[in-house]
Amino acid sequence: MPSIKCGLIVALIILAPYTPLSATMFEGTGKGILRGFVTDSTSGEPLIYANVIIKGTSLGSATNNYGFFVIPGVPSGSYVLIVSMLGYYSKQLQVQIGENEITTVRISLTPTTIVVSEIEVFGQRAEERNPTDLGIEKISMQQMKIVPTAVESDVFRILQVLPGVSMTGDVSAKYYVRGGAGDQNLVLLNGATVYYPFHALGVFGVIDPEMMSGMEFFKGGFPPEYGGRLSSILDITTRDGNKNDYSAGATLSLATAKAYAEGPLRNGSLLLTARKSYYGKSLDRFFSNQTIPFDFWDWSFKINSTERSLDPDSKFAVHGFFSGDDVIHHDPQKEDYSLGNSIVGFNWYKVWEEPLYTAATISYSGFRAEVRPNFSTSRRRSNRIHDITNRMNGAYIYDSKDELRFGVTNIWLSYDLDVENLYGERYVLSEHKYSLSSFLTYRFNRWENIGINMGLRFNFSTLSEGLPLLFEPRLSITYRPYPIISLKAGIGWYTQELVTLSNENELISIFEPWVIIPSYLYTPQAVQVMSGVELLITESFRVECEGYYKPVRYLLDVNPIKYSPKERDYKNIDGESYGIEMLTTFESRTYYVRLAYSLSWAYKHIGEHVEIPKYDARHALNALVNIRFGKGWECSTLWTFKTGLPFTPIVAFYDRIDYDPWNKYSVISEPIPAILWGGRNASRLPAYHRLDYTVTKRLRWAPTELEFGASIVNVYNRHNIFYFDRDTGSETYMLPLSVSVFLGVSI
Amino acid sequence: MSRIIPVVTAFLSFAWLSACDQPFSPKTEFENLPVLQSVVETNFLETSTWVFVVLGTTYDVLGFNPSNNSIDPTVQGAVVTIRVKDNTYEMFETSTPREDTSRYSNRLRHYRKGLKIRPGDTLYVEATLPDGRHVTASTRMPQRIAYDTNYDITGGLSTFINAYNYGPVFQFFWNEPHGERHVYFMKITLLYQRKIDDETTMMMVEEVPLRIVERNGTKEPLYPVYTFEPKFEFTFEAFDWVMTKIGEGVEKKSDITVLWYSLSIVEFDVHLSRYYASTKGSLDSYSVRLDEFIYSNVHGGIGIFGSSYLNLYELPIDPAYAKKFGYRAP
């Protein structure tokens, strides 16, 4: 039966471009299509999220993850095209659109760090009409660089300044989106899943920003292209490498050394990056001055080629990413840890003669995690994942500006798990499963004031057996009654078959194994309902407001006191979260100001009992100010305020026996004081707030570029409580006032 | 710029002020509960054993450190009974001097009773506090362990073994109780006599480590800790290490007579196993877990009522093995 359904959908996808609608797209319309690529003039790197508008019209678009844009339905004639992007001088060029023709342009933008003789328009916005982009944040490298960091620039720290994203402490880069647990966030690197995206127990993100081109972050309501998670998607695209010239660089921070090399290849380019920790002690402040013998590394490569003799409209890329984290004590009475990711993939992007764009990906993503107890009392735990994913996505743009998106994904997944809990109970699983899913989305862009994006994700064959959703409908609508106001609403159904067996009571967790939902449990499902309003007050001043409600069924909850093999390790519980988020941005040549506020609630329903998850922050406010003084000087200030996180309070103390089997009278020996805990997460810590500051200076002595700077974290040394000691009640604080410096050189 | 400076100054001033510690208490409304704690111990001799019960209540302290408590929370005047099979015994109240008087200066009050308890017996404890509160708990005594080994050592233990089949380790293993995970402790000690002079001979013991490990470039013994697995593995190297160690500094090796190895296995019942694991165990050193609840099997209050069984065996030593080190065998 699944094969019949599979056949139908494949046929639908293949035939979709040949429907009468598409066959008559140009006939008698008097319009043409403008499409093209936007790249960096110095490196040839595709520019993501660059704005492209046709001057004097309401027509425009933004580049996608590959620097590609399409503007359909352009009346024939001569136009001025304005292309702009943050960090680049805007460009204006003349284009001629022919009737019933596709015009392709290739545009390169010059970075603002390079002095040019003529002044061009800076930062002009393109107005993509009716974008149904609820819950999406597009973050470029330029935006990433302006956020102050504790040690070095980090993808996940940037996410945490977005409204709706919370964290449980300075120590962990792990993030929680709109009341969802940490494992409900999918991280994709060039289309491949990254299962453990952290270094050093979660202090850093594993993906070095140096290798990134940009990222799309969906806080919710993500389109049918994406599946497999309940809360968020982080889709990261790496750089292609310099297509014009060879270059290399190195950066030294207090914790890591990293380097990159890039250069042109035949019809393409190559990028190599590597990072290695060299001074673990600089991380001690993250762990209350506890020295942990960290050793972590990562390296990546990307080779891409546009073989014009083979197919001038295709681009091929081979990429790889490998990371490892080890904690080796060299002491047999202490446990050792080893974690790692291995990702390799092949991507093929093609712009067809028809206004059709396809992206095909085949990737392998491996993950391994192991706790080796040696002769300590720690528990042996290990987890391995092998994931082979094939994905074929396409977008077909009609002359009416409507867009049909479609795709097929199949995943072969194998995993092994061997864990033992505190009470000696073991949980051993080994499975390999296959899934096949597909999606169809139709975007109505034909109306002036209304945009509709409706789609469906079909799960033909699933990894889990606990009744995952077979169909996941998604719908979002935009209504623009006035040019400066957009009203948006959306609803979507989501299911998640792969989860981590992490214990939510762990503030820092070193081992978070991935498993397919066990067969005795139902597969988690969520509905996301969202609505919002966007005010474009001026070209550079924007206010956005979004509200959401997210009921979740069949969440996985760990049984922390499994005492016997008869008891289940996990159980299903329900949950819900809701909130409202506001984001204000102001951008000019000199200033970038971003003010984000969120008010949110998250609950778990465990039988009759309602519990607040540890990451529930009622109020969160982030204020980011970036000032470019000129001559390469730049500074950023970030102030963060959050309601204190929930914690489990003490209701009493008692004296307990410290039983020693070799001491016959240990029952009547001196007792040990112990804590009696109250309701889980029933109280809240004091409010969290912190001010961070970064200053950077860029110097350019051709061919060398030098970047150095310093960051001050927790400028006024706020004592934000991380947790309090269970034995003494003493408080453990998050990051104190600390200064870090960095130096980067590139040639 | 002139406008920015006052704003920034005001903000930083506010921020500096708010950076100070705010009054914060991790405590909530106090909950007064009875606390009962007892571990019934018996051994292979199955003779009469003292059962001790410590009865107290929860308490609060000024601040958050319970070590600062100086008011003894134990309860006097309670009625405590133990039921074994169909017999119910009332325990009597007594006290013993404390080893550490830094917290409480008075004697440690408890309830006790001498009882003959057999493996597999189920014991029920009931305590009624003077204020009328009532707590109960039960435990089932572990059974005697019948262990086996990977190598036949009935003729005397030695490391003169072709380790091809099972490797250079002695494995002691047994069946665990069906459906329950119990905590086990194991200890092997070498008993030997050392002749000090013509008239004096001293009886001495030395514990056998699990294995010898290298740490910071030096070889060190590694002794067994608790396990949920019904087995322990001791390396041949560990036995040789002990045999060598007892002769260190002894000029005339024949002054030493090695007698036998004493093998002790302690098994906890299921409740004491869980209690022990929840207080001593950890999944790893770095994960930070909060509000981990200590196991309790006491109804009407908190605490632990568990039992443990000490198995004791003698392992003979191969005389040729003793002679290899220059020692005498019995």
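Filtered by the rule that a residue be closer than 20 Å to B:Val75 by Cα, part of a strand (DSSP E or B) and in contact with a Gly (Cβ under 9 Å, 6 or more places away or on another chain), the range B:115-144 gives B:Ala127, B:His134, B:Val135, B:Thr136, B:Ala137. In the set A:Ile561, A:Ile612, A:Ile580, only one residue is closer than 30 Å to B:Pro66 by Cα and at pLDDT 90 or above; that residue is A:Ile612.
Any idea which residue in the range A:200-220 is farthest from the chain's Cα centre (by Cα), counting only those that are within 14 Å of chain B (Cβ to nearest Cβ) and open to solvent by less than 10 Å² (accessible area, probe 1.4 Å)?
First pass over the range A:200-220, keeping only residues within 14 Å of chain B (Cβ to nearest Cβ): A:200-203.
Okay, now just the ones that are also open to solvent by less than 10 Å² (accessible area, probe 1.4 Å), so A:200, A:202-203.
On the way: A:Ala200: 18, A:Gly202: 15, A:Val203: 16 Å.
Restricting to residues being within 14 Å of chain B (Cβ to nearest Cβ) and open to solvent by less than 10 Å² (accessible area, probe 1.4 Å), the top hit is A:Ala200.
The residues listed here are A:Arg480, A:Arg457; of these, the one that is among the basic types (Lys, Arg), crowded, with 18+ Cβ neighbours inside 10 Å and over 25 Å from A:Trp412 (Cβ atoms) is A:Arg480. Whether any residue in the range B:57-74 is aliphatic (A, V, I, L, M) and closer than 22 Å to B:Val125 by Cβ is what I want to check. No; the residues of the range B:57-74 include none that is aliphatic (A, V, I, L, M) and closer than 22 Å to B:Val125 by Cβ.
Do the conditions hold for B:Thr57, that is, is it within 13 Å of another protein chain (Cβ to nearest Cβ) and within 22 Å of the chain's Cα centre (by Cα)? Give the steps one after another, and end with the answer.
Values: within 13 Å of another protein chain (Cβ to nearest Cβ): yes; within 22 Å of the chain's Cα centre (by Cα): no.
No, not satisfied.
Being in contact with a Pro (Cβ under 6 Å, 6 or more places away or on another chain) and crowded, with 20+ Cβ neighbours inside 10 Å is true of A:Tyr396. Would you check which residues across the range A:328-347 are open to solvent by 10 Å² or more (accessible area, probe 1.4 Å) and aliphatic (A, V, I, L, M) and list them? Matches in the range A:328-347: A:Ile328, A:Leu339, A:Val344.
In this structure, does A:Gly241 turn out to be more than 22 Å from A:Arg391 (Cβ to Cβ), part of a strand (DSSP E or B) and open to solvent by less than 20 Å² (accessible area, probe 1.4 Å)?
no
Only one of (1) open to solvent by 20 Å² or more (accessible area, probe 1.4 Å); (2) facing another protein chain (nearest Cβ under 7 Å); (3) in a strand (DSSP E or B); (4) hydrophobic (A, V, I, L, M, F, W, C) fails for B:Phe52. Which number is that? The single condition B:Phe52 does not satisfy is (1).
Give the range A:576-589 a look and list any residue that's assigned to a strand (DSSP E or B) and either out of contact with any Gly (no Cβ under 6 Å at 6 or more places or on another chain) or surrounded by fewer than 21 Cβ atoms within 10 Å (Cβ to Cβ) (or both), or say none. Step through it out loud before you land on a result.
Initial filter on the range A:576-589 (assigned to a strand (DSSP E or B)): A:576-587.
Those that are assigned to a strand (DSSP E or B) and either out of contact with any Gly (no Cβ under 6 Å at 6 or more places or on another chain) or surrounded by fewer than 21 Cβ atoms within 10 Å (Cβ to Cβ) (or both): A:Glu576, A:Tyr578, A:Gly579, A:Ile580, A:Met582, A:Leu583, A:Thr584, A:Thr585, A:Phe586, A:Glu587.
Annotation: of all residues in the range B:60-73 being at the interface with another protein chain (Cβ under 8 Å from one of its Cβ atoms) and outside any loop (DSSP other than H, G, I, E, B), the one that is most open to solvent (accessible area, probe 1.4 Å) is B:Ser67. Within the range B:22-40, take every residue that is open to solvent by less than 70 Å² (accessible area, probe 1.4 Å), at the interface with chain A (Cβ under 8 Å from one of its Cβ atoms) and of a type outside the set (A, V, I, L, M, F, W, C) and give me the one that is nearest to B:Gly114 (Cα to Cα). That would be B:Ser38.
Taking the stated definitions as given, is A:Leu676 under 30 Å from B:Glu99 (Cβ atoms) and crowded, with 18+ Cβ neighbours inside 10 Å?
When the stated conditions are applied, A:Leu676 passes them.
For the range A:169-183, give me the residue count where each residue is at pLDDT 80 or above and either in contact with a helix residue (DSSP H, G or I) (Cβ under 9 Å, 6 or more places away or on another chain) or open to solvent by less than 10 Å² (accessible area, probe 1.4 Å) (or both).
Pass one, the range A:169-183, residues at pLDDT 80 or above: A:174-183.
Pick out the ones that are also either in contact with a helix residue (DSSP H, G or I) (Cβ under 9 Å, 6 or more places away or on another chain) or open to solvent by less than 10 Å² (accessible area, probe 1.4 Å) (or both) and you get A:174-178, A:180.
So the answer is 6.
B:Thr96 passes every criterion in (1) surrounded by fewer than 18 Cβ atoms within 10 Å (Cβ to Cβ); (2) more than 9 Å from every other protein chain (Cβ to nearest Cβ); (3) touching a Phe, Trp or Tyr at 6+ places or on another chain (Cβ under 9 Å); (4) among the β-branched types (Val, Ile, Thr) apart from (2).
Only a single criterion out of (1) surrounded by fewer than 18 Cβ atoms within 10 Å (Cβ to Cβ); (2) farther than 30 Å from A:Tyr654 by Cβ is not satisfied by A:Asp692, namely (1). Filtering the range B:162-197 to residues that are open to solvent by 20 Å² or more (accessible area, probe 1.4 Å) and within 22 Å of B:Arg328 (Cβ to Cβ) leaves B:Thr189, B:Leu191, B:Gln193, B:Arg194, B:Lys195, B:Ile196, B:Asp197. Quick check: is even one residue across the range A:399-406 among the hydrophobic types (A, V, I, L, M, F, W, C) and open to solvent by 40 Å² or more (accessible area, probe 1.4 Å)? Within the range A:399-406, not a single residue is among the hydrophobic types (A, V, I, L, M, F, W, C) and open to solvent by 40 Å² or more (accessible area, probe 1.4 Å).
Restricting the first member to the range A:435-457 and to residues that are without any contact (Cβ under 8 Å) to a residue 40 or more places away in the chain, and the second to residues that are of a type in the set (A, V, I, L, M), the beta-carbon pairs closer than 8 Å and six or more apart or on different chains are A:Met454/A:Leu475. The residue list A:Tyr554, A:Tyr615, A:Tyr548, A:Tyr592 contains one member that is in a loop (DSSP other than H, G, I, E, B), of a type outside the set (A, V, I, L, M, F, W, C) and surrounded by 18 or more Cβ atoms within 10 Å (Cβ to Cβ), which is A:Tyr615.
Taken over the range A:510-549, the criterion of being over 21 Å from A:Tyr494 (Cβ atoms) and among the acidic types (Asp, Glu) is satisfied by A:Glu534, A:Glu539, A:Glu544.
Taking the conditions exactly as written (touching a Leu at 6+ places or on another chain (Cβ under 6 Å) and either surrounded by fewer than 15 Cβ atoms within 10 Å (Cβ to Cβ) or at pLDDT below 85 (or both)), does B:Val225 satisfy them or not? So B:Val225 does not fit the description; no. Once the range A:640-673 is narrowed to residues that are more than 7 Å from chain B (Cβ to nearest Cβ) and among the acidic types (Asp, Glu), the residue that is surrounded by the most Cβ atoms within 10 Å (Cβ to Cβ) is A:Asp658. Here A:Gly678, A:Gly729 are screened, and the one residue that is modelled with pLDDT under 85 and facing another protein chain (nearest Cβ under 7 Å) is A:Gly729. In the set B:Gly300, B:Gly306, only one residue is over 22 Å from B:Val208 (Cβ atoms), modelled with pLDDT of 90 or more and open to solvent by 40 Å² or more (accessible area, probe 1.4 Å); that residue is B:Gly300.
The values are calculated or read from the model by the stated rules, or taken from the named source; none is laboratory data. Here the structure is a predicted model, which means the values were calculated and not measured. All Cβ positions, glycine included, derive from the backbone under ideal geometry; neighbour counts span all protein chains shown. Please note that ligands, DNA and RNA were not included when accessible areas were found on the heavy atoms of the full protein model with its side chains. Shrake-Rupley method; radii C 1.70, N 1.55, O 1.52, S 1.80 Å.
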